[in-house]
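Take a look at the structure set out below.
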Number of protein chains: 4
Amino acid sequence: MRGWEVTYVSSEFGKLLRVSVFGQSHGRAIGVLIDGLPAGENIDLEELNAFLDRRKPGKNPLSTARREADTPVFLSGLENGATCGAPLCAMIENADQHSSDYRQLQDRPRPSHADYTAWVKWGGHADLRGGGHFSGRLTAPLCVAGGIAKQILSRRGIFVGAHLASVGTETDRSFPLRPTAELFGAVAAKPFPVLDDNAGARMQSLILEARQALDSVGGVVECAAVGLPAGLGDPMFDGVENRLAAALFGIPAVKGVEFGGGFASARLHGSENNDPFTVEDGEIVTSSNHAGGILGGITTGMPITLRAAIKPTPSISRPQQTVSLSSREAAGLVIQGRHDPCIAHRAVPVVEAVTAAVLLDLLLEGNHGTF
Amino acid sequence: MRGWEVTYVSSEFGKLLRVSVFGQSHGRAIGVLIDGLPAGENIDLEELNAFLDRRKPGKNPLSTARREADTPVFLSGLENGATCGAPLCAMIENADQHSSDYRQLQDRPRPSHADYTAWVKWGGHADLRGGGHFSGRLTAPLCVAGGIAKQILSRRGIFVGAHLASVGTETDRSFPLRPTAELFGAVAAKPFPVLDDNAGARMQSLILEARQALDSVGGVVECAAVGLPAGLGDPMFDGVENRLAAALFGIPAVKGVEFGGGFASARLHGSENNDPFTVEDGEIVTSSNHAGGILGGITTGMPITLRAAIKPTPSISRPQQTVSLSSREAAGLVIQGRHDPCIAHRAVPVVEAVTAAVLLDLLLEGNHGTF
Amino acid sequence: MRGWEVTYVSSEFGKLLRVSVFGQSHGRAIGVLIDGLPAGENIDLEELNAFLDRRKPGKNPLSTARREADTPVFLSGLENGATCGAPLCAMIENADQHSSDYRQLQDRPRPSHADYTAWVKWGGHADLRGGGHFSGRLTAPLCVAGGIAKQILSRRGIFVGAHLASVGTETDRSFPLRPTAELFGAVAAKPFPVLDDNAGARMQSLILEARQALDSVGGVVECAAVGLPAGLGDPMFDGVENRLAAALFGIPAVKGVEFGGGFASARLHGSENNDPFTVEDGEIVTSSNHAGGILGGITTGMPITLRAAIKPTPSISRPQQTVSLSSREAAGLVIQGRHDPCIAHRAVPVVEAVTAAVLLDLLLEGNHGTF
Amino acid sequence: MRGWEVTYVSSEFGKLLRVSVFGQSHGRAIGVLIDGLPAGENIDLEELNAFLDRRKPGKNPLSTARREADTPVFLSGLENGATCGAPLCAMIENADQHSSDYRQLQDRPRPSHADYTAWVKWGGHADLRGGGHFSGRLTAPLCVAGGIAKQILSRRGIFVGAHLASVGTETDRSFPLRPTAELFGAVAAKPFPVLDDNAGARMQSLILEARQALDSVGGVVECAAVGLPAGLGDPMFDGVENRLAAALFGIPAVKGVEFGGGFASARLHGSENNDPFTVEDGEIVTSSNHAGGILGGITTGMPITLRAAIKPTPSISRPQQTVSLSSREAAGLVIQGRHDPCIAHRAVPVVEAVTAAVLLDLLLEGNHGTF
């Protein structure tokens, strides 16, 4: 009997709110199917498009010169501009395609890209043009989902924001103990999403130097969420950290995720890392937040804080060493086309988007009788 | 109509191989239910108990003086010592309980423990004795599951090993590019699981100093898996990283997870971080492994490497600041009882266990026709 | 590389309330792990045991002479007799075992039992003693889960009841349009669970005749649930019918499930089958209930009604035709041991149990803000 | 804090092969997202369209006069006409809309439709035009998914076919013990999908009479699948019956599902219902198939047989009794528009489609090493 070249693509996350991303970089369209949105939620398209603009390339030399229109077309799920209970499907048609740039990739996988693993998994059937389903372009529909989630959350006083915590070895300062919606808005409005603009200037120089050197550079995104009630999430394997991490690692190029103190906490003593409980305006809070707002997988009511490590863009213009899949011999590679010298700054809204979608899912699940 | 104090405990992970952990620290028993194990797999009880011994406390002053027998009783799933296809349930009865030590915790939550969030979630109904369902003791049944998974994997040439990468600011060296089953075995046989025993001695001093100072200290566990075929895992949200991270954050005290270069990669340039492909003995491999054996969520065939950050034990003997839940006022707290000054070294086999269980699940799912 | 004899046993159902059944008929214990119960729910053990008694065999000649103690031991999830938020595990130890009765089954599969399919799936590793994991005995832990769910539901005015609708060609009358908790209680208290005792007497004669003839006979169970709010369940594949059916087919011997009019509706005209809406005491109701309380997968607020077809017990004492698995030749078979001439009457509480567990799951998921 | 009008729409089924249906009857488009298809599977568009034609209305007086183009546009998942591993999204744009027909429905729910339950669930936000997301029109994208699954299955010698087993009280004969691909093809090619054309003529008369009487009539679809290996499916809650039933109840109007003998088996004795094993051409088979090819939830290798009860179309042109949602008073209703006097014959390919998709999912999951 004929065998399968099996593929269990699973471009979906969420439990009660499910977000499924589809499309290939150079296919007809990319998009997202969102199942489980509350009904009666108005979608402010202007606000959504402003959010999508934050991840768009082509705005300055810090990112690829490719231009993407990225305007979502809503195929289902809306009635008079509001969610109607049925699954919402939004599609973004692909326009600016330069498939010819990618032809040699069919035989010579780009180092540290998914070309090789896609080929192992699906053989010659994989659509590798522009990274196919692994392309960073798939983060556009993710932002559609996250942008909608952010609107729904903000109506309940829950806000999600992020900034670029570092590029290479240059670092921004951290969010304060209690970031506000205003702070999130101020960062989002900046052309380069940092708290400290001097640090931002140094980061931008680093990115431009990398570009000049036909190279790329990595970075870290810090994200926070405020306004969440205590008590969300479940112990062990279905906690807030488990769910956020599972989804955040779905963003292309993310190689590390930490909450609160994260890896830095591992270098501390308990007396330094423990967050003392205290009472503030009648509320039980902690006077520090190394826990990142999560204890035992469950929200404490303090801000959730997390950091995602973004590896340097693997597409660099320098000559690189790879192999020919057909001859199984070493082969050189020079990647053509226009590429981002850094994707960490464009990842800032994407991390917000994924975080918002996961938190909305948790809220839908957890808020029985009290929300 | 009467409302719920809802609880969506979800102490389970896995897709086709499902691992469900149950029990509270001071309840009648803790245990694990494993659904989806291949049939006909012999379970070597001696080897399993040796693995469980690696996480046991009470062996030296580096851990709590509590002694736990932790011998699993198999309620189902075995026939003549081998898996029979039916779900396997293993129970560990609780013996050494000092519940009285924990009485004050009902009103005064321990900083950076789950006492507070459990109370928010379940009110007075939560079983907080000894941490209840959030206790580190629940890692014993996790190790039963992982120990069984390790045996099944090793019969197919797949090996999982780990070592203590750091305690506080003291660091071990990293695994080599291609760790072997022998190296894993050698580390596992050591009383203190490090690669460099000099570094290990420094780490142990740090732990004993913390103990003396009525304090605790954190650490990092590095884990690797070798022998996996390329092509396992799925893009975006169901990749190897997503699944491992989701499960690893289920280990109490884990606050960060990274793969390959992880957060260090975010400080590099693409030309440094990219892993060139090359051919070795006819196999396509990479000459470095910043990817940690995973590209686009899918295994490359190189070793999987990951690191988990373990926060310092929150239970320290120093007086601490907390609140009284009943009076909503500040209150002091001195935690009684016997506690680990560090849990990172005991977490080494737990990280192995969770990694092995997730990888077995992925293999069961992904190996169609080729395995 | 060595292959698997793969087994994806999946003895679990539910979404937020997950019920996992484990054990083999002649293993050490059978049991159930329930994850996601609301915290603070008292479990009335006397009431639970009374419920379990309803499915027990050995009470009269209508069922097997085997006696099962079936007293559950709670390993976890309770604190002072109430649910505490952690997963609840209950175990029933096996006592009355006659494994020798089943030895020949290893080579000669019983017709219409799972012996053959278990052997295909797991080869010689399958535990076939007494039906192994496929045994009707596994309905005891299901009743533990369902009995607990029934208690939680009844505190909110939701009641689930069932009766034996038919045995062979003898039929009971149907539930009235609006059955009550009192009616459910009255049927449950009867030694033979029917509405019309004359019909019940005829059914019992049929069963005894079958027993005398070394034969068995099938039956149908009708189940209803009252007190549910309108609006539970989701369209298409996650509706009340989808979920109930998926779980009910998990009861051994169930071969058909229908809701409301079911197969009879397929013989009607729309003008007969449609349920007119009307207003009663200010509530919108329907004056008939061919929908079985479900439209578009969502509850209408009318009673849910369903029927499950139970095939005749395949274990009959007459000589039967089978094959020898080792020789692949035709072979005779005479099943020894004590068997139920009918299991439909013992399935009545099991259908209630599964229905109650599914409905509780739906309520936990769906009751946002209104419950 | 503002509450939700919550909606957990869950228009998705499958485990490794996931099928998500989206769209509302009168929205911009309907469609399906299929995640987990094997890569490298060519899709024969001509064959697919021929399959879709079988469910199309407007061909004769037996169905509604509405005409639907129903040509799917593939947005993603294909490369050179074959599956490429990435999720496949297919959209069908809506053209022939008569929304004005449905305006009164907003206040007066149609009996036995989902108008009322959708309104309870989503309030005024529900898109009720043409049945919205509950419309039978959503079976078109289901058939896209099923048509693709059928092509993939048929390449491995697995065939799924169905016929109209009854309309009202008129019945077709049943499938023979071993139906063939040829028989399935012959039925599919008929304008009215029955085995016995005389019975078919009587059924058609019944439908036309119902139409004349401004009424509708129900029916039963029998479906079979041949060529499946033994050993697919899992015990208890993840068996072939559980999964098929869960999906089949997602087809609008299905109110009952039975396998093999189903409800008729409940009227039999064990000696009649048991399927004796025998050896045929060296294969272990059964000489009857009351089990419908499934024992203990696992395939026996015999044909799978199932029957789905389809209620009469609730949209009838006769005056009906309903309520006004706004005034909570009784109100009359005359449904305008063009409606099917029977949908059972159009449901024949839909039942095939859902069955094929579920079986492909099971095969993907279960075929380790042997397929």
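Details
- For segment C:275-294, a tally of residues being farther than 27 Å from residue C:348 by Cβ and buried (at least 24 other Cβ atoms within 10 Å of the Cβ) returns 1.
- Restricting attention to segment A:244-266, the residues being of a type outside the set (Phe, Trp, Tyr), assigned to a helix (DSSP H, G or I) and within 7 Å of chain B (Cβ to nearest Cβ) number 6.
- Of all residues in segment A:9-54, those that are open to solvent by less than 40 Å² (accessible area, probe 1.4 Å) and either more than 29 Å from residue D:119 (Cβ to Cβ) or assigned to a strand (DSSP E or B) (or both) total 25.
- Screening residue B:133 on (1) surrounded by 23 or more Cβ atoms within 10 Å (Cβ to Cβ); (2) at pLDDT 95 or above shows it passes everything except condition (2).
- Restricting segment C:55-73 to residues that are at pLDDT 80 or above and surrounded by fewer than 21 Cβ atoms within 10 Å (Cβ to Cβ) leaves a set whose member that is farthest from residue B:124 (Cα to Cα) is C:56.
- Yes/no for residue B:30 being within 14 Å of chain A (Cβ to nearest Cβ) and modelled with pLDDT of 95 or more: yes
- Residue match in segment D:356-369 (condition: buried (at least 20 other Cβ atoms within 10 Å of the Cβ) and touching a Ser or Thr at 6+ places or on another chain (Cβ under 6 Å)): no
- Filtered by the rule that a residue be in contact (Cβ under 8 Å) with a residue 12 or more places away in the chain, facing chain A (nearest Cβ under 8 Å) and open to solvent by 10 Å² or more (accessible area, probe 1.4 Å), segment B:316-329 gives B:318, B:320, B:321, B:325.
- Qualifying residues in segment B:163-179 (those that are out of contact with any Pro (no Cβ under 7 Å at 6 or more places or on another chain) and among the aliphatic types (A, V, I, L, M)) - the one farthest from residue B:204 (Cα to Cα): B:177
- Matching residues in segment D:14-67 - criterion: being aliphatic (A, V, I, L, M) and touching a His at 6+ places or on another chain (Cβ under 6 Å): D:39
- Boolean, residue D:271 is farther than 19 Å from residue D:352 by Cβ, open to solvent by less than 10 Å² (accessible area, probe 1.4 Å) and either in a strand (DSSP E or B) or in contact with a Lys or Arg (Cβ under 9 Å, 6 or more places away or on another chain) (or both): no
- Remark: pairs (first residue in segment C:194-212, closer than 14 Å to residue C:61 by Cα; second residue of a type in the set (Phe, Trp, Tyr); Cβ separation under 8 Å; 6+ apart in sequence or on different chains) = C:203/C:192; C:204/C:192.
- So residue D:310, is it touching a strand residue (DSSP E or B) at 6+ places or on another chain (Cβ under 8 Å), more than 7 Å from chain C (Cβ to nearest Cβ) and closer than 30 Å to residue D:18 by Cβ: no
Residue-by-condition table, conditions (1) modelled with pLDDT of 95 or more; (2) out of contact with any Gly (no Cβ under 8 Å at 6 or more places or on another chain); (3) within 22 Å of residue B:194 (Cα to Cα):
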site	(1), (2), (3)
B:234	no, no, no
B:237	no, no, no
B:241	yes, no, no
B:244	yes, yes, no
B:251	yes, yes, yes
B:254	yes, yes, yes
B:266	yes, no, no
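- Residue check, residue C:170 open to solvent by 10 Å² or more (accessible area, probe 1.4 Å) and more than 16 Å from residue C:27 (Cβ to Cβ): yes
- Condition broken by residue B:86, with the remaining ones in (1) assigned to a loop (DSSP other than H, G, I, E, B); (2) at pLDDT 90 or above; (3) touching a Pro at 6+ places or on another chain (Cβ under 7 Å) satisfied: (3)
- When residues in segment A:191-203 are screened for being open to solvent by less than 60 Å² (accessible area, probe 1.4 Å), out of contact with any Lys or Arg (no Cβ under 8 Å at 6 or more places or on another chain) and not aromatic (Phe, Trp, Tyr), 3 of them pass.
- Residue, nearest to residue D:251 (Cα to Cα), within segment D:283-298, restricted to residues that are β-branched (Val, Ile, Thr) and either more than 7 Å from chain C (Cβ to nearest Cβ) or over 24 Å from the mean Cα position of the chain (by Cα) (or both): D:294
The values are calculated or read from the model by the stated rules, or taken from the named source; none is laboratory data. All values reported here derive from a predicted model rather than from experimental measurement. Using ideal geometry, Cβ is built from the backbone for each residue, glycine included, and neighbour counts are taken over all protein chains shown. Just so you know, the surface numbers come from the protein's heavy atoms only, side chains and all, with ligands and any DNA or RNA stripped out. Shrake-Rupley method; radii C 1.70, N 1.55, O 1.52, S 1.80 Å.
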